[in-house]
Structure formats: structure tokens, C-alpha cells
Amino acid sequence: MERIATADTQASATPSGGPLADESGPASSLDSGLLDAMPRQREVLDGAGELRFATPTPAVSVSASTPAVPGEPRVLLALRRLHPWRLLPTPTGTPFTFCYGLLLVVTSLVAQYADPTFVTQLHQASSTDVTHLLRDPFLVLVASALWIVGGVVSPYAFLFLLVLTALERRIGGVRTAAVFLCGHIVATLATEGTVGIAVLAGHLPATSLHRLDYGISFGVATSIGALAGLLRPWLGLPLLALFGWTLIEALIAFTDPMTNWGHLISLTIGVATWPLVRRWARTAQVNRAARLAVAARVEVAGV
């Protein structure tokens, strides 16, 4: 608390025999029992001329971001502070996730309602198998990321919306795209390269060079690993452990070992990006603060 010197405390230090003591009348008798330098309430004369003490006005805390509403439940107030609508992508806040999500919705509708033969041809042309990677790697690496295995009802579609939205709000759209594509490309090359080596060594048949391989799961797994490093430990570590254990269980089931290994590789890539994404997040936070400061100065200047 700041120490405040008032005129009342200075008046109490005046000698009792001075002229001020003669004019104060009853106030001098009140001062006699006070210790030196002891703060007291300010004295006010009411309309009848009687002496009384002014009561301090209670301080009111005003929050510009979350104004207090009388009688508002604490749960609703907590939800307002969390901003639950920020969990979903928006055209202005997360343009990369929003546009990419719309594109995935379109391809999922095509896969569901188009002719099955036509859809199979599209999937085969987009597959990142060894044969296509050797023939046209750039085209198939991009095209394979335009499909969701299982459509919009797939768990990876749900994770895509939540994880990439949260990641883009922290590091920006271009950097989120870089993390996603890094995991998608590196994990694809690692798994399909292993398949090619196994075929050359005679451990897998030649038909493995043409197996279908497409989808966004590698990029989503990498994004989950990267996001876990930006969240608070009580949230990021459980997320990483839960998702990692799910991938290990799928690998133990041995239904699709190459894809399951690709998911674990992708998650590891995401964890490896922690130093980079944390630096990006700090830079993005500083840039946002600078833009808000500039906007505030412009608004003040306009007023």
C-alpha cells in the first residue's frame, strides 16, 4: 500500500496553542489521543455543522475482456474466459486449417457419393506407394494428403480440426503447414523406403510396391506431437502419452504394421520439433503484442 500524507496529518503536528487549534474547537480534543504520524479518516462537516468521518468508497475492479455480470454462474464465466469457439477454425483466425478443412470435406463427399470405380482410380493415382514415389514423387505426396481414410467421421478428421486449429493459433498458418507436411513427407518416405528395401531383400512380395497409401494421419500425428510441446505440462504430457499409447496398441495388434510404424515416426517427428515450434510461438506472441499496441495507438490518435 502506498503511503499518503494528507493535510489532516500535517494539521495534527501543529502546536496545540497555535491559532489553528483555537479555530478547530472540538477537533483539537480528538487530536489529543492520536499518536504521531498515525493516519486517520478524513473529517467532513455535514449540513448541520456536526463533525463526522467520511466512509471510503469501495474499489471496483473492472475487466475489459470479461466484464462482470451480476448473478452470472462461475461455470459460464469460466467458459467465457476459455473462449470455446476458438477451438474450431475460422477464415480469419486460422486460414490454413479452415481452407484445408473445406478441401478435405469436398474430397470426403466425393469419396462417399461418387462412382466407386472412379474413387478407386483417384485413390490409386494419389497413393504414395514405392512405384508412384519413384515415378512422380511431388504429385503423389501432395495428392495423398487430400484424402481422409474413413471420411469426415474418422477420428483423424476430428483431431485434424482441433489440433491444427490450436497449433495455427500459436505459431501461424505457414509454420503449421510446414510442421504438417514435414511429418507427412518424412514418415511416408521412411515407411515406403523400408517397403522398397524389404522387397529388394526378398522379405516382401513385389506386390507391396503397389500397396495403397494415402491420407492425412501422418501429418496429424506430427501436429499432435508438436502441439504437446506448446501446451502446459498438465495438458500436453497426458495428450502425448494417451495418443502414443493408442499408437502402440495398434502396432501390437499388427493389423497394418507399416502404417502404425509411420504414425509412431510422425509423432516422434512432432516431438523433435519442440525447440523450433516454441521459438515460433514466442515470435508469434511478440508480433501479436506489437500489432495490438499499434492498433491501440491508432485508435487513440483517431479519437
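The values are calculated or read from the model by the stated rules, or taken from the named source; none is laboratory data. What you see is a predicted model; the values in this text were computed from it and never measured. Cβ sites come from the backbone with ideal geometry, for glycine too, and all protein chains shown count toward neighbours. Just the protein is used for accessible areas: all its heavy atoms, side chains included, with ligands, DNA and RNA removed. Shrake-Rupley method; radii C 1.70, N 1.55, O 1.52, S 1.80 Å.
The table for this structure:
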{"item": "Residues of region 253-271 that turn out to be assigned to a helix (DSSP H, G or I) and free of Cβ contacts under 8 Å to residues at least 12 places away in the same chain, as a count", "result": "2"}
{"item": "Residues that are part of a loop (DSSP other than H, G, I, E, B), of a type outside the set (Val, Ile, Thr) and within 20 Å of SER127 (Cα to Cα), drawn from region 189-234", "result": "LEU204, PRO205, ARG211, LEU212, ASP213, TYR214, GLY215"}
{"item": "Residue match in region 211-221 (condition: under 25 Å from the mean Cα position of the chain (by Cα) and exposed (fewer than 12 other Cβ atoms within 10 Å of the Cβ))", "result": "no"}
{"item": "Test: residue in region 244-252 that is part of a helix (DSSP H, G or I), out of contact with any Asp or Glu (no Cβ under 9 Å at 6 or more places or on another chain), at pLDDT 95 or above and surrounded by 15 or more Cβ atoms within 10 Å (Cβ to Cβ)", "result": "yes"}
{"item": "Given (1) within 13 Å of LEU227 (Cα to Cα); (2) at pLDDT below 95, index of the condition THR165 fails", "result": "(2)"}
{"item": "Matching residues, region 85-102, being free of Cβ contacts under 8 Å to residues at least 60 places away in the same chain and of a type outside the set (S, T, N, Q)", "result": "TRP85, PRO91, PHE98, CYS99, LEU102"}
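Let's see how each residue does on (1) open to solvent by less than 10 Å² (accessible area, probe 1.4 Å); (2) over 20 Å from LEU161 (Cβ atoms); (3) within 16 Å of the chain's Cα centre (by Cα):
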residue	(1), (2), (3)
ILE224	yes, no, yes
LEU240	no, no, yes
THR255	no, yes, no
LEU264	no, yes, no
ALA272	no, yes, no
